Each structure stands twice: as structure tokens, then as C-alpha cells.
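Visitor: Here it is, the structure in full.
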Amino acid sequence: MSPVDARLPREFFARPSVEVAPELLGRHLSFGGVVLRLTELEAYAGEVDPGSHAYRGETPRTRPMFGPPGFTYVYFTYGHHWCVNLVVGQEGSASAVLVRAGEVVAGHDLVRSRRGPVRERDWARGPGRLGQALAMTKEHTGRDFCRPLVGEPIDLVVSEGEPVDPERVRVGPRVGVSGPGGDGEAFPWRFWVDADPNVSAYRPGVVRRRRT
């Protein structure tokens, strides 16, 4: 069965981000000849979540998050990283799941050429590395990965893969999120596969002071 034939339906993504994120572990994300097995994700919940880009409402940058589920939200961070998110929930909720890490299961030569001389386990271990491995940038934000199979070929697919046993799912605070959104008690919204070598290291958020 091809990834397109096994892709997850829009209904799968039309749920709260904290429900969708752990159920994406072990699924496959395919784009441009590269296939990743997802090993780590983070949930974000728009205007009720101080860690979300959409916490203070819609902007031109965050507009894709306010659309219907089944679309991408790709943003630039730290001056050189593109991060890939999957929009979930209901239209207007601005919920999304950040794809933090994965294992390359197809397209090894492509990823090797993009990531250079680094260990294979580090090819997509962290959201910036993952974005580079997939070669996804701003032009890929707002892509409908659940659209009907008519017209243009489907180049972005989230498919069944091999769902992870819930007993192997671990939960904790989100990486690099400062302030209330980084509170692991209030927002334990990072999900990863226990003992998987492709999962990124946890780092707490740091409040950045403005220069005077």
C-alpha cells in the first residue's frame, strides 16, 4: 500500500492537539521523496495556550493555524531554521502539532545531501533539522495534505505507518518554551517514544531580554 493510499483522513486531525499529537507517534510523514517515522511531537492550542504563536490572535504569519485541519504551518525561527507544524482541531481554533523529530525510513540519499556529514540519528532529531531534511520552507506553509486525490499529484502525506503502543509514549514539558507555556505541570504537551534514539534532548525555555 502506498503512503497516499494509507494516508490519515482529515477527521483524524479534526480533534484537539493534545489528542492528535501522541497518536501521530509512529506515523509516517512523506514529502518530496523522503519518508519520516515520527518520534516526537508537541501540541499547541492557540489563544488558550501562552506557548502558541497564536496566543494573541491571528497575524499574517499565523493565519494557516486558524484554518481547517489538515494543512501545514511552516515558520522560520532562530534565523536559520524552518519548523513544520500540522494544523489540527476545528477551524478558528489555531491548534497545531509541531513535528519535532523523526527517523528517516526512505530517501536517505536526499537527506544525506541536505544534512551533510552528521550522524544518521541526527538527520531529523529536532524541528530545525527535520525541516532541513524535508527541504520544507515558507513556500510549503498552507499545504492541504488531506485534499481529494484529484488534480495535481499528492506530494505531502501523513500516513498510517506503525502507531506506537501507548505504554511507550512519554509526556513532558515542551522544549524551549519560556514563561507560563513552559510550565510542565500546566502544559505537559510534548510527546515522544520512550528510549528512541531519534528523540531530541530536552532544553527549558530561556527568557530573552531586550537590549537597551
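Visitor: For segment 1-21, how many residues meet the condition of being open to solvent by 30 Å² or more (accessible area, probe 1.4 Å) and either among the β-branched types (Val, Ile, Thr) or at pLDDT 95 or above (or both)?
Guide: Residues that pass the stated criteria total 10.
Visitor: Just checking, does segment 117-127 include any residue being surrounded by fewer than 18 Cβ atoms within 10 Å (Cβ to Cβ), out of contact with any helix residue (DSSP H, G or I) (no Cβ under 7 Å at 6 or more places or on another chain) and in a helix (DSSP H, G or I)?
Guide: yes
Visitor: Next up: Do we find a residue being hydroxyl-bearing (Ser, Thr, Tyr), open to solvent by 40 Å² or more (accessible area, probe 1.4 Å) and either at pLDDT 95 or above or not in a helix (DSSP H, G or I) (or both) anywhere in segment 169-178?
Guide: yes
Visitor: Just the residues that are of a type outside the set (A, V, I, L, M, F, W, C), in contact (Cβ under 8 Å) with a residue 12 or more places away in the chain and on the phi > 0 side of the Ramachandran plot, please, taken from segment 100-151.
Guide: Gly107, Gly126, Gly142
Visitor: Here is a further query. Just checking, how many residues over segment 29-44 are within 23 Å of Val171 (Cβ to Cβ) and crowded, with 23+ Cβ neighbours inside 10 Å?
Guide: Adding up the residues that qualify gives 9.
Visitor: So, one more: In the set Arg147, Arg190, Arg143, which member is more than 20 Å from Arg37 (Cβ to Cβ), under 16 Å from the mean Cα position of the chain (by Cα) and basic (Lys, Arg)?
Guide: One residue alone meets the criteria, Arg143.
Visitor: Out of (1) out of contact with any Pro (no Cβ under 8 Å at 6 or more places or on another chain); (2) in a loop (DSSP other than H, G, I, E, B); (3) modelled with pLDDT of 95 or more, what's the single condition that is false for Leu25?
Guide: Against the list (1) out of contact with any Pro (no Cβ under 8 Å at 6 or more places or on another chain); (2) in a loop (DSSP other than H, G, I, E, B); (3) modelled with pLDDT of 95 or more, Leu25 comes up short only on (1).
Visitor: For segment 25-69, give me each residue that is closer than 27 Å to Pro166 by Cβ, in contact with a Gly (Cβ under 8 Å, 6 or more places away or on another chain) and among the β-branched types (Val, Ile, Thr).
Guide: If the condition is that a residue be closer than 27 Å to Pro166 by Cβ, in contact with a Gly (Cβ under 8 Å, 6 or more places away or on another chain) and among the β-branched types (Val, Ile, Thr), then Val35, Thr39 are the ones that fit.
Visitor: With respect to the numbered conditions (1) more than 9 Å from Ser159 (Cα to Cα); (2) not in a loop (DSSP other than H, G, I, E, B), which one is the sole condition not fulfilled by Met1?
Guide: Condition (2) is where Met1 drops out.
The values are calculated or read from the model by the stated rules, or taken from the named source; none is laboratory data. These numbers were taken from a predicted model, which means no experiment stands behind them. Here the Cβ is made from the backbone with ideal geometry for all residues, glycine too, and neighbour counts use every protein chain on show. Note: areas computed on protein heavy atoms with side chains; ligands, DNA, RNA excluded. Shrake-Rupley method; radii C 1.70, N 1.55, O 1.52, S 1.80 Å.
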